[in-house]
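These notes concern the structure reproduced below.
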Amino acid sequence: MKKLSLTNQTFKTLLQDFKQWLDILGYAESTVYNLPNHLQEFFYYLEQHNINQLNQITVKTITDYYKHLKERPNQRRDGALSNGYLNKHQQTLLKFREYLKAHNNNSLKIHLKQEQGNTRDSLSVLTQTEIKQLFKATEYSNQEDKIRHRDKAILVVLYSCGLRRTEAVSLDLNDILFDKERVFVSKGKNYKERFVPINKYNLKLLEEYIYDYRPEFYQYKKSEALFLNYRGTRLQGMSFSNRLKAIIKATNNQELQERNITLHSLRHSIATHFLEQGAEIEQISKFLGHSSLESTQIYTHFLEKTTTDENIQRLLREKRLQQQIYSNIPKVDW
């Protein structure tokens, strides 16, 4: 809905300031991009109902708008908006209210109940079989060899290494440490650096791309970027997303094509697969570059709700108990 055109200058200014506020506070790139789009849809709704000032917004305005969202069709696929997407619109309104309070304005009143979302849908976790299908699809995801091998290398860093989109975009050639079997992430979230382990098989895929196919890109010697576009410059985030869509389409798996699978879904998937294989939550947290274990706990909750394997259920209960014990140990300064 980002193409909706606003005429109200106040709303336009608020939209721009809100986006800048999110960026300054250090929110994720996806949040800085998506929340203003949702807010723009809200402002457009207000304009269509002759509401041109914030002090004209009532609780009924919000509830009527939310009812409108529930009834409007999904523009990406058939049906209505998912509960997860409705919750994102709620998150936008709540965050906008927070923005207004930070600027001494308490005019936005919201009384909405969060929708019960499906954990699998919200995380878009792929099975290991589906991941294999993606890698297999890179053999025919494009007519050009260099693009197909770049596609495979993209899957390596986003799934096998669990990198965020911005981290993958920022990778340089010298960040692939072949001798140490590590990938150096220099531009992680909150400017944190980390080393990510990578096995020999995936290193071989990166090596093949770097030495055999990357040189086929235009003026490849003029850039240190790992992933190049047709112009010989750094491949950007939207292009990563477009390539993932092309890979998914190449699988000919209709179910995969209908699901909301994003670049971040690959990161969710590797974390979940590690848990299924018995990895410690602390190790996964370090691997993903999470600042706290709380961010990683979502994967244990997801598995508990979705798995029917009794052994995995027991393992997750043990991990949760261990984490509770660990968190209750008083910290001592030696």
For this session: For every other residue with a beta carbon closer than 13 angstrom to the beta carbon of PHE96, add +1 if it is Lys or Arg and -1 if Asp or Glu, then tell me the sum.
Result: +3
Problem set entry | Distant alpha-carbon pairs in the stretch 150-220 (separation over 15 angstrom), percent | 51
Exercise. What does the charge count near GLU208 come to, summing +1 for each Lys or Arg and -1 for each Asp or Glu among other residues with Cβ under 12 Å from its Cβ?
Worked result: +3
For this session: Given the peptides 47-58, 89-100, arrange them by the average over their residues of other C-beta atoms within 10 Å, most packed first.
Result: 89-100, 47-58
For this session: For LEU177 and HIS264, compute 0.36 nm times the residue count separating them, minus their Cα-Cα distance, and round to one decimal in nm.
Result: 29.0 nm
Exercise. Gain in length, LYS109 to ILE24, computed as 0.36 nm per residue apart minus the alpha-carbon separation, to one decimal in nm?
Worked result: 28.1 nm
Exercise. Can you give me the Cα centroid spacing of the stretch 1-59 and the stretch 238-259 in angstrom?
Worked result: 30
Problem set entry | Length gained when the stretch GLN128-GLU208 is fully extended (0.36 nm per residue, less Cα-Cα span) | 26.5 nm
Exercise. Label point 7 Å out from LEU100 along Cα-to-Cβ: which residues of the stretch 26-58 have amide N under 11 Å?
Worked result: 53-58
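Bear in mind these aren't lab numbers, they're just calculated from the coordinates by the rules spelled out. Being a predicted model, the structure only gives us computed values, none of them experimental. Here Cβ is always computed from backbone atoms with ideal geometry, including for glycine, and neighbour counts include all displayed protein chains.
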